[in-house]
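Structure first, then comments.
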Amino acid sequence: MVPVQHNYNLKDAHTFHMDVHASLFFEVIGERSLDQLRSNKLLREKPWVILGGGSNVLFTENVTDPVVKISIPGISVRECGSNTIMVKVGAGVNWHELVLWSLDHGYSGLENLSLIPGQCGAAPMQNIGAYGVELVQVFESLDAFEISTGLMKTFYRDECAFGYRTSIFKTELKNKFIITSITLRLHRNRSDLNLDYGDIQNVLNDTGIRNPTPRDVSNAVIKIRQSKLPDPNQIGNAGSFFKNPEIDHHLFKELKRTFPEIPGYAVGTAKVKVPAGWLIDKLGLKGYRNGDAGVHDKQALVLVNHGSANGHQILAIAHHIQDRVQNTYGILLEPEVNIYP
Ligand code: FAD
Ligand code: NAP
C-alpha cells in the first residue's frame, strides 16, 4: 500500500520551488495505487491536483485538495514495422529520458523535443512543442483513468483536440482524467530531420556537421537550450510563463508601422503568431526583478524565483507584464503555466 502523506512539502516536487505544503499527498505508481484511489474515501471527497514533474505549475498557496503525484514507470515497444515503431510509455517516465532512450535505440521523431522538463504523462496536456515540432506529430493514443468513475479510457489522436500548447485535457477535460500512459509512433531510418528552426542549423554548421543524425540534432537543441534557459535546479521557473499570442493579421500590420522590427509567423491566412518574449523584452523588462521574483535575464518569457519568492509575487510580476503589454500593443497575454488555486 502506498501511504497517504500529510502536510507534504512540495518545494522539490515542482520547478518554481515555492515553499508550499499539500494537506494530503499520494503517489500513483501502478495499477494497485489506482485501486487505492478508487476506494480511499479521504482522497475521493475532494477534487485532486494531479502532479507530474511540476515543471508547468505555479502554486500561490498551500494546497488543501489532495495532490496526486503520478510516478507510473515503464517503456515498452508495442509494434515494430519496417519504418516505424510504436512505443508505450508510463506517465511517470521523465520526458528527456524517453528522448534519450529513443536515440539510444536508433528511433527518431523526438530529437527536437530534447531537454523539455517534466514527465511523459503531462506531454499531451499542452501538446508540448519546441523547435518546430509538437507532440501531436508522433502521438498515437493515451490511456487515462477517469476520476469520477474510476474507469480506464483510451483516447486516440483525433479525440484529444491538440492545438498550439493545448489539448482537451487542458480545457474541457481538465482534472477529469489521470493520464496513465502515452503511445507514440517513432521512426526508424528516417532522414528528413527538422533543422529549419532557429539556431539548429547554425549550431550544426559551427560543429562542422553536414549530414546530421537525430542524435546530432538533439545535441544541438540541448546546446541552444542550455545557453538561454535557466536550469530549474539552479533558479526556480516553469519555462515560458505566457503563450505566444496569435493575433489578427490587421493588428499585426498596424503594430508593424509602430514597431517595424516586430517578428511574426503566419498561422494560416488570418492570424500571426508574435513571440511574447520579444514584446516583453522590448518593454525593457528582461532581467526585471522585484525581491526574489523576476524576469529571466536571457529569455523574457520565463519568470523566475531567485530564492524565496512566493506564488503571489510571481503573479504580481505576471500581471505587471500583462498590463504593460496590453497598454503598449493591445495584446492580452495568456498564461501557459497552470496556476493553483
Ligand atoms: P506538471 O507541471 O506536473 O503538470 C502540468 C499540468 O499537467 C498540470 O495541470 C497537471 O495537473 C497536469 N498533469 C500532469 N501529469 C498529468 C497526468 N499524468 N494526467 C493528467 N494530468 C496531468 N513546454 C513545452 O511545451 N515546450 C518547451 O520547450 C518547454 N520548455 C520548458 C523549459 C523549462 C526550463 C521549463 C521549466 C518548462 C518547460 N516547458 C516546456 C513546460 C513543461 O516542461 C511542460 O509543459 C511539461 O510537459 C510539463 O510536465 P510536468 O510533468 O512537469 O507537468
Ligand atoms: P526563439 O527561437 O527565440 O523564438 C521565439 C519565438 O518565436 C518562439 O517561441 C517561436 O514560437 C517563434 N518562432 C521562432 N522561429 C520560428 C519559426 N521558424 N516558425 C514559427 N515560429 C517561430 O525561442 P526560444 O525561447 O529560444 O525557444 C525555442 C523553442 O523552445 C520554442 O519552440 C519554444 O516554444 C520552446 N520553449 C518552450 C518553453 C515553454 O515553457 N513552453 C520554454 C522554453 C522554450 P514557438 O514557441 O511556437 O516555437
Self-check item: Lone unmet requirement of (1) within 17 Å of F59 (Cβ to Cβ); (2) open to solvent by less than 50 Å² (accessible area, probe 1.4 Å); (3) assigned to a helix (DSSP H, G or I); (4) touching a residue at least 60 places away in the same chain (Cβ under 8 Å) for H312
Solution: (2)
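Take the residues in the range 170-183 that are out of contact with any Lys or Arg (no Cβ under 8 Å at 6 or more places or on another chain) and open to solvent by less than 60 Å² (accessible area, probe 1.4 Å), then tell me which one is nearest to ligand 2 (Cβ to nearest atom).
Looking at the filtered set, the residue picked out is K170.
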Quiz item: What residue, of G294, G277, is within 16 Å of ligand 1 (Cβ to nearest atom), part of a strand (DSSP E or B) and either buried (at least 18 other Cβ atoms within 10 Å of the Cβ) or not aliphatic (A, V, I, L, M) (or both)?
Solution: G294
Practice problem: Have a look at D199, D192 and point out the one that is out of contact with any His (no Cβ under 8 Å at 6 or more places or on another chain), open to solvent by 50 Å² or more (accessible area, probe 1.4 Å) and more than 16 Å from ligand 1 (Cβ to nearest atom). | Solution: D192
Practice problem: Name the residue, out of E254, E261, that is in a loop (DSSP other than H, G, I, E, B), more than 10 Å from ligand 2 (Cβ to nearest atom) and either modelled with pLDDT of 95 or more or touching a Pro at 6+ places or on another chain (Cβ under 9 Å) (or both). | Solution: E261
Quiz item: Has the range 229-248 got any residue that is at pLDDT below 95, under 30 Å from S191 (Cα atoms) and either within 12 Å of ligand 1 (Cβ to nearest atom) or open to solvent by 50 Å² or more (accessible area, probe 1.4 Å) (or both)?
Solution: no
Quiz item: Within the bounds of the range 208-220, is there any residue that is open to solvent by less than 30 Å² (accessible area, probe 1.4 Å), within 16 Å of ligand 2 (Cβ to nearest atom) and either within 30 Å of L51 (Cβ to Cβ) or assigned to a strand (DSSP E or B) (or both)?
Solution: yes
Quiz item: Restricting attention to the range 128-154, which residues are assigned to a loop (DSSP other than H, G, I, E, B) and closer than 27 Å to V217 by Cα?
Solution: I128, Y131, G132, V138
Practice problem: Please tell me if L303 is surrounded by fewer than 18 Cβ atoms within 10 Å (Cβ to Cβ) and closer than 26 Å to F169 by Cα. | Solution: no
Quiz item: Cβ-Cβ below 9 Å, separation at least six or inter-chain, first residue in the range 196-211 and more than 13 Å from I222 (Cβ to Cβ), second more than 16 Å from ligand 2 (Cβ to nearest atom) and open to solvent by 70 Å² or more (accessible area, probe 1.4 Å): which pairs?
Solution: N211/S191
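The values are calculated or read from the model by the stated rules, or taken from the named source; none is laboratory data. A quick note: this is a predicted structure, and the numbers were derived from the prediction, not measured. Cβ atoms come from the backbone with ideal geometry, glycine included; neighbour counts cover every protein chain shown. Please note that ligands, DNA and RNA were not included when accessible areas were found on the heavy atoms of the full protein model with its side chains. Shrake-Rupley method; radii C 1.70, N 1.55, O 1.52, S 1.80 Å.
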